[in-house]
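Down below is the structure, laid out as structure tokens.
Throughout, read-outs are computed from the coordinates displayed, never taken from laboratory work. Just so it is clear, the structure is predicted and the values come from calculations on it, not from any experiment. In this analysis, Cβ positions are derived from the backbone assuming ideal geometry, glycine residues included, and neighbour counts consider all displayed protein chains.
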Amino acid sequence: MKRLCPGIAAAVAIVLSTPAFSADKVQPVRMGCGLMTFDTVPGWGLRPDGQSALGPTHGAVALDKSGNIFTSANKGVVVFSPDGAVIQSYLGEPYTMLHDIKIREEDGKEFIYGARNNNAEGIKFNAHSGEVVLRLKFPSESGLELKKFNPTAITVAPNGDIFLSDGYASNYIFKFDKTGKYLMHFGSKGNDLKQFNTAHGMTLDTRYDPPRLLICDRNHEPKGRLLHYDLDGNFISEVVTGLGMPTSASVQGDYVSVPDLHGRLVILDKSNTIIAVLGHNADPKKRMNFNVPQDQWIEGVFSGTHGSAWDQDGNLYVQDWNVAGRIMKLIRVK
């Protein structure tokens, strides 16, 4: 595995025992290295009473063209302004349990594409009205006889084709056209080169022309890895191996952020060299741990990073898999 600068988070005037909700007592923490150096924003996204606005999180983060931050929690989708205020929410059916979300502009409108693992479907709805325009159920026309269908990731090709990964069940990736018509599937469960052992995350890798799929094979043995496939479902290459448990990926320019459930976020450049590691959690009891309550959050230290997204200025928004619902803003230091 290629690696340059580890960039493990360095505390900047922080008392580790201070709970995260006492934002007035917590100072920013600097993390990363080189081009990918960031400062945390203490208290970002918390309600005025200092508590999380999200509730349990097992989801993703995406930004609309106005720079608003959409994050999926168990209860639905919560939208924040760049300064961390809640400005909109989509709660209850059909917005619950969105394990992955992407935002895409089509004909002047923005739509959220989501993978609902516990609800056995992909979904598309208007990002600003909530109107559902498409549901993707298991395609029986695939000829597969699956006992379970638990989609974990979704992404969209430039022509509108939709890819939906059944990462918590069969590990097949299903391809649909923009109307929801089943086209094909590829992959299978296992630890061979062209198999997936939890195809957990997926995005369109626009660092290359033509774009390709970047897939997070979270539980591959002996270590988690990233893979490239073309948009016809053909294997291209292993991108990087030796990761912990990569959960998702977000691309901006030549860079990709990859949350790792072990409590850190890695950033790769276009050569797929790891150039920074953010927020590494050195406590084995507090990483890969859903049940870290808010009063035990430590500024600049993750517990189980699950989703991330970049804004146009290169800042990062990171969601932890967390019982209280944690989302953090990291300001790029330039």
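Summary of computed values
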{"quantity": "Residue-count net charge about Ala169 - beta-carbon cut-off 9 Å; Lys, Arg +1, Asp, Glu -1", "calculated": "+2"}
{"quantity": "Under 20 Å from Lys109, Cα to Cα: lysines that are on another chain or at least 8 residues apart", "calculated": "Lys65, Lys124, Lys178"}
{"quantity": "Shape category assigned to region 184-263 from the gyration tensor of Cα positions, a/c cut at 1.5", "calculated": "oblate"}
{"quantity": "Net charge contributed by nearby residues that have their C-beta within less than 15 Å of Met288 (K/R +1, D/E -1)", "calculated": "+4"}
{"quantity": "Net charge of Cβ neighbours under 9 Å - reference Tyr113; Lys, Arg +1; Asp, Glu -1", "calculated": "+2"}
{"quantity": "Part-to-part distance (alpha-carbon centres) for region 274-323 and region 57-83, which is given in Å", "calculated": "16"}
{"quantity": "28 Å Cα-Cα reach of Lys286 towards lysines, excluding residues that sit fewer than 8 places from it in its own chain", "calculated": "Lys2, Lys25, Lys75, Lys223, Lys329"}
{"quantity": "Selection of trypsin sites (Lys or Arg not before Pro), region 240-295, meeting DSSP coil and at most 14 other Cβ within 10 Å", "calculated": "Lys270, Lys285"}
{"quantity": "For region 242-273 versus region 113-132, the gap between their alpha-carbon centres in whole angstrom", "calculated": "25"}
{"quantity": "The chain, Rg to Rh (Cα coordinates; Rh as Kirkwood inverse mean 1/r)", "calculated": "0.95"}
{"quantity": "Vicinal HN-Hα couplings computed from phi for region 291-307 (Karplus, 6.51 cos²θ - 1.76 cosθ + 1.60; Hz; Gly/Pro x)", "calculated": "9, 8, x, 4, 6, 10, 5, 10, 4, x, 10, 8, 10, x, 4, 10, x"}
{"quantity": "Net lengthening on full extension, Leu146/Leu35 (0.36 nm per residue, minus Cα-Cα)", "calculated": "35.4 nm"}
{"quantity": "Spatially proximal aspartates and glutamates relative to Lys270 (Cα-Cα < 16 Å; intrachain offsets below 8 disregarded)", "calculated": "Asp205, Asp209, Glu238, Asp254"}
{"quantity": "Simple label model, 7 Å out from Cα along Cβ direction - Val132 to Lys334, nm", "calculated": "4.1"}
{"quantity": "Translational diffusion coefficient (Stokes-Einstein; Kirkwood radius from C-alpha pairs) of region 248-334 at 25 °C, 0.890 mPa s, in µm²/s", "calculated": "189"}
{"quantity": "At q = 0.16 Å⁻¹, base-10 log of I(q)/I(0) for region 15-160 (Debye sum, equal scatterers on each alpha carbon)", "calculated": "-0.93"}
